[in-house]
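Structure record follows, encoded as structure tokens.
The values are calculated or read from the model by the stated rules, or taken from the named source; none is laboratory data. This one's a predicted model, so the numbers in the text were calculated from it and none came from an experiment. A quick note on method: Cβ atoms are made from the backbone with ideal geometry, for glycine too, and the neighbour counts reach across all protein chains shown.
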Amino acid sequence: MNRLAKFCFTILVAMMTLTGMASTAFADNIGFVDLEKVFSRYKEAVKLQQDIQKRREGYQKLFEAKNKKLDEIKKKSKKEDDIQKFIEKTESELKPKQEELIKYEAEANRKMAAKIFEVSETVAKEFGIDVVLDKRAILAGGFDLTDSVITRLNK
């Protein structure tokens, strides 16, 4: 083997060894959180989901009442103009309510996720964990931080 080949071989072996060591060390510092479990046991998340459900039901009742009224108008008046005016009026009333509901849900879920990620990061640091993944991304191994995250969130 010439000098260049030996040098390249040595570098390659060193890189593989270091990569193997780094992978082993890195794998020991992976934690995971079962986000489904967190959302089902975190008191604030449960309250939020109940609030969102209540708002959805309120919107659904309003939507159903408007549909019922539309059916009545269709039975009483065969004029397409009357029906179209009611539909347009209903859409203009419901659209802002629907957008408000969507915006509320998105913002509430964003805040909830940010809180969960923040606490997960804090708990991970306490356990010396470098990387935290959702449980669904883990096939084997890793350190389960779920219960510690739930406990911290519910304090």
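A few remarks follow.
- Members of the range 134-148 found to be over 18 Å from F39 (Cβ atoms) and touching a residue at least 12 places away in the same chain (Cβ under 8 Å), listed by number: G141, G142, F143
- Residue among K68, K111, K85, K76 that alone is among the basic types (K, R), at pLDDT below 95 and under 16 Å from the mean Cα position of the chain (by Cα): K111
One line per residue, one yes/no per condition, for (1) at pLDDT 50 or above; (2) surrounded by 10 or more Cβ atoms within 10 Å (Cβ to Cβ):
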site: M1; (1), (2): yes, no
site: L4; (1), (2): no, no
site: I11; (1), (2): yes, yes
site: T24; (1), (2): no, no
site: V33; (1), (2): yes, yes
site: E36; (1), (2): yes, yes
site: S40; (1), (2): yes, yes
